[in-house]
Amino acid sequence: MTDIPLYAAVGLLVGTMVGLTGVGGGSMMTPLLVLLFGQSPAVAVGTDLLFAATTKLVATASFGFSRRVDWQIVGRLLLGSIPGTAAVVFGLWLTRQTPTTADAVTSRALAIILALTALALIFQPTLQRLGLKITARWLVRVERHKFLLTSIAGLLLGVAVTLTSVGAGALGVVMLLALYPLRLTSDRLVATDIAHALPVTLIAGMGHAFLGHVNFNLLAALLLGSIPGVLIASRVTLRLPARITRTLIALMLVTLSERMLFG
């Protein structure tokens, strides 16, 4: 495979971004695989899901997030996300005889989710303030429905992640901020989001692998570069201000979304 150094370099770049910012890696890898490397949308999604699961596992072990995870919230999310993941995999299995249909649906869905992720990053502080206001005004009523709302959020995330490989990070964080603005501190928020994203991306990736939507040679080359990138970047003390990071990533996602929609 003559392009292994190039793929490894892309993996290093994305892995470094994940280690430095905690977001943006999965959102960029899939469109890059489609637009720059000519992978079909379905194969790009399947490959990126297993790529994301591996890098999130390494990042989690490197940061030592396990003690900060709110496992009750993770369980509520998984009650929705696992059925959502299974439903999308089954739907893709039904279209296995017409791969162009799966690619067309995946491509359009990817462009839409990229745009939504960009908006979520830009308006993340606003949504957090909105969640605080709702919690303050209707504390008892909101708490009564938190279990159901969290499971619905998990369902939406499971569908989005399995269909596009995008949303587990940025969209998950925004949903958790809106639902639990007081309960989750910033470090617990990231840890809980990753703890939920790990099994979802892994299960979704295995489903895509079963359908033949994973390029394992490409995956190995990407991981060759990304894992060192995550490990090194996670130990770098330099951090960009959160607002600048969100804005830069959002602008890149909007550009990729436009390219996916209009080519």
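Take each peptide in 93-101, 70-78, 105-113, count the other Cβ atoms within 10 Å of every residue, and average; sorted highest first, the result is 105-113, 70-78, 93-101. Sorted on the mean count of surrounding Cβ atoms within 10 Å across their residues, most packed first, peptides 181-194, 29-42, 150-163 read 150-163, 29-42, 181-194. Using 0.36 nm per residue and subtracting the Cα-Cα separation, the extra length available between ARG96 and LEU182 on full extension is 26.5 nm. What the Cβ-Cβ distance of LEU224 and PHE37 gives, at R0 = 25 Å and to the nearest 0.05, is a FRET efficiency of 0.95. The apolar share of the surface of region 71-203, taken as the fraction of accessible area on carbon and sulfur atoms (1.4 Å probe, ligands and nucleic acids excluded), comes to 73 percent.
Shape annotation for region 73-127: C-alpha extents along the principal axes are 44, 28, 8 Å, from largest to smallest.
The values are calculated or read from the model by the stated rules, or taken from the named source; none is laboratory data. Because the structure is predicted, anything quoted here is derived from the model rather than measured. Using ideal geometry, Cβ is built from the backbone for each residue, glycine included, and neighbour counts are taken over all protein chains shown. The accessibility values were calculated without ligands, DNA or RNA, using every heavy atom of the protein model including side chains. Shrake-Rupley method; radii C 1.70, N 1.55, O 1.52, S 1.80 Å.
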